[in-house]
Amino acid sequence: MIDALEQAEAAVAACSDAATWAASEHDLVAALDAAHRLEQRVAAVKLALVREVDGRGTARRQGASCTPVWLRERLRLTIPAARRLVELAATLDNGPAEIRQALAEGAISVEQARIIGDTVATVHAAADTSAAGKAVDVLLGWAGQFDATLLRRMGARILDHVAPEVADAAAEAALRAQEAAAGNTQRTGTRQRTAASGQRRSRTATQRQPPNSQPPRARSVGAIEADRRPTASPRGPPPQAVYRSVTRMPACAL
């Protein structure tokens, strides 16, 4: 394998030195297609090697905590990229051989292989092996027509094509779950509205009370007796003062 990879590397290096500007349009497009197929073929080889390294426990024997960490140090990858590489290698190794073969032939891209592998695993868990095999054929056919994004969207409805009865049951279960969630949301909203109404009534009662209002204090007995005493008339002096003034007047005034 090492000799073959070294020869492939030398061939690619020779292509890197070629003058692309001199190629005709037909040769330019053909070379682009060939380079893309070669890229997928090399990716299939790389994933097989990563899977073997992970299975042997090479990373731990060389002092790394896990294979993604070892790949980060060895290939200078980010941890997320290294983790995706390890996960895809495991998915392809555990999945149907048709997916690995399609990637090795350059018929599908790495991202398409990832989507097909994940979708087939979901179908296998929801239905059975027969439905998963049908899903592989359908998805590989779609991969020749659609990119990874569309393939993922179409794969979400793959059960309608390979296991309609399972798809109907899953849709009914999803509908019941949505209805239950809606009922819980409605009950929660009712409780929240009731609590908010009580808070508004409490705030209204507080606002109606004068800001400086205080409870009435008890009055002393002396204050109460003072209120009961007769007071002078506002229109004139008291009767005794009038009597004294009359008795002091001259006789001629009477």
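Evaluate the following for Val12: is it free of Cβ contacts under 8 Å to residues at least 24 places away in the same chain and surrounded by 12 or more Cβ atoms within 10 Å (Cβ to Cβ)?
no
If you go through segment 20-43 one residue at a time, do you hit one that is farther than 29 Å from Asp147 by Cα, out of contact with any Gly (no Cβ under 7 Å at 6 or more places or on another chain) and exposed (fewer than 12 other Cβ atoms within 10 Å of the Cβ)?
yes
I need every pair where a residue in segment 43-69 that is free of Cβ contacts under 8 Å to residues at least 12 places away in the same chain and over 16 Å from Arg83 (Cβ atoms) has its Cβ under 8 Å from the Cβ of a residue that is of a type outside the set (A, V, I, L, M) and crowded, with 20+ Cβ neighbours inside 10 Å, sequence separation at least 6 or different chains.
These pairs meet every condition: Gln62/Trp70.
Could you check, for segment 117-128, whether at least one of its residues is under 27 Å from Asp3 (Cβ atoms), out of contact with any Asp or Glu (no Cβ under 7 Å at 6 or more places or on another chain) and among the small types (Gly, Ala, Ser)?
So in segment 117-128, the residues under 27 Å from Asp3 (Cβ atoms) come out as none.
No - not one qualifying residue is present in segment 117-128.
Looking at Asp128, Asp160, Asp118, which one is surrounded by 12 or more Cβ atoms within 10 Å (Cβ to Cβ), over 19 Å from Leu92 (Cα atoms) and of a type in the set (D, E, K, R)? Quick ask: steps written out before the conclusion?
Details: Asp128 fails: over 19 Å from Leu92 (Cα atoms); Asp118 fails: over 19 Å from Leu92 (Cα atoms).
Only one candidate passes the filter, namely Asp160.
Every residue in segment 105-115 that is surrounded by 18 or more Cβ atoms within 10 Å (Cβ to Cβ) and of a type outside the set (Val, Ile, Thr), please. Walk me through how you get there before you give the answer.
To start, the set of residues in segment 105-115 that are surrounded by 18 or more Cβ atoms within 10 Å (Cβ to Cβ) comprises 106, 108-110, 112-115.
Passing the criteria: Gly106, Ser109, Gln112, Ala113, Arg114.
Would you please list the contacts, defined by Cβ atoms under 8 Å and residues six or more apart or on different chains, that run from a residue in segment 131-146 that is assigned to a helix (DSSP H, G or I) to a residue that is acidic (Asp, Glu)?
Final answer for the pair search is Val136/Glu98; Asp137/Glu98; Leu140/Glu98.
May I ask you to list the residues in segment 44-73 that are farther than 23 Å from Val110 by Cα and surrounded by fewer than 14 Cβ atoms within 10 Å (Cβ to Cβ)?
Answer for segment 44-73, where residues must be farther than 23 Å from Val110 by Cα and surrounded by fewer than 14 Cβ atoms within 10 Å (Cβ to Cβ): Arg56, Gly57, Arg60, Arg61, Gln62, Gly63, Ser65.
Any read-out appearing in this document is the output of simple, stated calculations on the displayed coordinates, not a laboratory observation. Just so it is clear, the model here is predicted, and its values are computed rather than measured. With ideal geometry, Cβ positions are generated from the backbone for all residues, glycine too; neighbour counts draw on all protein chains shown.
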